[in-house]
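Peer 1: Sending over a structure as structure tokens; questions will come in a sec.
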Amino acid sequence: MFHPDLIRHPDGCPALVLNADYTPLSYYPLSVWPWQTAVKAVFLDRVDIVANYEREVRSASFALKLPSVIALKQFVKPSQFPAFTRFNLFLRDKFTCQYCGKLRDLTFDHVIPRAQGGRTTWENVVTACAPCNLKKGGRTPRQAAMPLHLEPIRPTNWHLHEHGRSFPPNYLHETWHDWLYWDIELEA
Ligand SMILES: [Zn+2]
């Protein structure tokens, strides 16, 4: 049996990027570089290789196993707050309708509707299932008599990380697990 890495296309070999303290540079989105960026950083001596894929890239002058985990040599101060993205908003709300608690058919709802001056911010957008979204229409929760489960807030990275344990990213190479979920491994 071939190791699956050997037949993996290099484009399917992104590198997980750790900070100089060996924690992920960012969780949401997960700090991942394409192999070309990772290899370039290795040659510029900006990163240490922590783990590899079995997959090699070769040129006339060198052969290198593609890095699967790299660590920055210089510490970068991490941002306390995650980016305002669709995924992160769902994650803050644990992929749950904030009106009825359903887990499917999810959409985004402006708590104060845009027509009433509501903005697209962490504090005014929540996860809502399509039926609740439709039922609420252009009304506020009070006008629609549909109270929110939780007041929407801007989450910290820590906050999302806590929720993220239940919703891991789609792609995780085996060498990444130690750097992302070591506490779960230890508990198991
Ligand atoms: Zn709902």
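The values are calculated or read from the model by the stated rules, or taken from the named source; none is laboratory data. All figures in this text were calculated on a predicted structure; none of them were measured in a lab. Reconstructed Cβ throughout: ideal geometry from the backbone, glycine too, with neighbour counts over all protein chains shown. When the accessible area is computed, the model is the full protein with side chains, heavy atoms only, and any ligands, DNA or RNA have been set aside. Shrake-Rupley method; radii C 1.70, N 1.55, O 1.52, S 1.80 Å.
Peer 1: Would you mind classifying the chain by shape? Square roots of the alpha carbon gyration tensor eigenvalues, ordered a ≥ b ≥ c; an a/c under 1.5 is rounded, otherwise it is prolate if a/b is larger than b/c and oblate if not.
Peer 2: prolate
Peer 1: What is the helix-to-structure angle for 177-187, meaning the angle in degrees between its Cα long axis and the longest Cα principal axis of the chain, kept from 0 to 90 and rounded to the nearest 10?
Peer 2: The answer is roughly 70 degrees.
Peer 1: Here is a further query. Which cross-chain or sequence-distant (5 or more) residues have an amide H under 5 Å from the amide H of SER68, H modelled 1.01 Å from N in plane?
Peer 2: ALA51, ASN52, TYR53
Peer 1: With a 1.4 Å probe and every protein chain kept in, tell me what percent of the accessible surface of the chain is carbon plus sulfur.
Peer 2: 57 percent
Peer 1: Among rounded, prolate and oblate, which fits segment 84-142 when a ≥ b ≥ c are the square roots of the eigenvalues of its C-alpha gyration tensor, a/c under 1.5 means rounded, and a/b larger than b/c means prolate?
Peer 2: Here segment 84-142 falls in the oblate category.
Peer 1: What residues qualify as long-range amide H neighbours of SER26, i.e. H under 5 Å apart, gap of 5 or more or another chain, H built at 1.01 Å from N?
Peer 2: SER31
Peer 1: Modelled label-to-label distance, HIS3 and ALA83, 7 Å Cα→beta-carbon offset: nm?
Peer 2: Label at HIS3, label at ALA83, 3.1 nm between them.
Peer 1: Another question about this same structure. Treat every Asp and Glu Cβ in segment 1-80 as -1 and every Lys and Arg Cβ as +1, leave all other atoms uncharged, and give the resulting dipole magnitude about the Cα centre to the nearest 20 debye.
Peer 2: Working: 8 positive and 7 negative charges, 31 e Å.
Using only the charged Cβ atoms, the result is roughly 140 debye.
Peer 1: In percent, how large is the relative contact order of the chain, given Cα pairs closer than 8 Å and 6 or more residues apart?
Peer 2: 20 percent
Peer 1: What distance in nm separates the simple spin-label points at LEU150 and VAL76, each placed 7 Å from Cα in the Cβ direction?
Peer 2: Distance between label points: 2.8 nm.
Peer 1: Can you find, among THR85, THR121, TYR99, the residue sitting farthest towards the positive end of the charge dipole of segment 84-142, where Lys and Arg contribute +1 and Asp and Glu -1 at Cβ?
Peer 2: Result: TYR99, furthest along the dipole toward the positive end.
Peer 1: May I pose another question? With runs of 4+ DSSP H residues as the only contributors, calculate the mean residue ellipticity of the chain at 222 nm using -39,500 (n - 2.57) per run, divided by the residue total and rounded to the nearest 500.
Peer 2: Computed mean residue ellipticity for the chain: -6500 deg cm²/dmol.
Peer 1: Net charge within 14 Å of ALA145 by Cβ-Cβ distance, Lys/Arg positive one each and Asp/Glu negative one each, not counting ALA145 itself?
Peer 2: Working: positive: LYS135, LYS136, ARG139, ARG142; negative: none.
Summing Lys and Arg as +1 and Asp and Glu as -1 gives +4.
Peer 1: What are the ³J(HN,Hα) values, in whole Hz, obtained from phi via the Karplus relation 6.51 cos²θ - 1.76 cosθ + 1.60 with θ = phi - 60°, for each residue of segment 114-125 in sequence order, with x given for Gly and Pro?
Peer 2: 3J(HN,Hα) across segment 114-125, in whole Hz: 4, 5, 9, x, x, 9, 8, 9, 3, 7, 10, 10.
Peer 1: Name the residue from HIS173, LEU150, ILE7 whose Cα lies farthest towards the positive end of the charge dipole of the chain, charges +1 on Cβ of Lys and Arg and -1 on Cβ of Asp and Glu.
Peer 2: LEU150
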